[in-house]
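Bear in mind these aren't lab numbers, they're just calculated from the coordinates by the rules spelled out. Predicted, not measured: the structure shown is a model, and the values here were computed from it. Neighbour counts are summed over all protein chains in view; Cβ atoms, including those assigned to glycine, are modelled from backbone coordinates with ideal geometry.
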Amino acid sequence: MERVGVVGAGLMGSEIALVFALAGHEVLLADRGTAEVAAGLERLRKVLEKGVSRGFYNGADADHMLSFKRKATRRGCNLLLKHAT
């Protein structure tokens, strides 16, 4: 498993973080402040809830995928993606 850092928790950054989490990577998510990261995680929570209700994932998978770390630094990341403006 690789550690992937995503800078930018907006629509695009959070969705990219979700794709890496679905692939089994540890994801570190960061933005300018904790409010932006919280909003991105809430958006992903809704996406995952919809996926669980449609049978794409089970609840345990969804909980694991939302266990993003809230700060990303280059240190320790195998890949760092910037999706911030």
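The conditions are (1) part of a loop (DSSP other than H, G, I, E, B); (2) closer than 19 Å to LEU79 by Cα; (3) of a type in the set (A, V, I, L, M, F, W, C), and PHE56 fails exactly one of them. Which is it?
Only one criterion is unmet by PHE56, namely (2).
Provide a single number: the residues in the stretch 18-34 that are surrounded by fewer than 17 Cβ atoms within 10 Å (Cβ to Cβ) and either of a type in the set (S, T, N, Q) or in contact with a Lys or Arg (Cβ under 8 Å, 6 or more places away or on another chain) (or both). Please lay out each step first, then the result.
Of the residues in the stretch 18-34, the ones surrounded by fewer than 17 Cβ atoms within 10 Å (Cβ to Cβ) are 19, 22-25, 32-34.
Then keep just the ones that are either of a type in the set (S, T, N, Q) or in contact with a Lys or Arg (Cβ under 8 Å, 6 or more places away or on another chain) (or both); that gives 25, 34.
Within the stretch 18-34, residues that are surrounded by fewer than 17 Cβ atoms within 10 Å (Cβ to Cβ) and either of a type in the set (S, T, N, Q) or in contact with a Lys or Arg (Cβ under 8 Å, 6 or more places away or on another chain) (or both) number 2.
Under 9 Å by Cβ, and 6 or more places apart or on different chains, what pairs join a residue from the stretch 42-66 that is in contact (Cβ under 8 Å) with a residue 12 or more places away in the chain with one that is part of a helix (DSSP H, G or I) and basic (Lys, Arg)?
The qualifying pairs are ALA62/ARG45; LEU66/ARG45.
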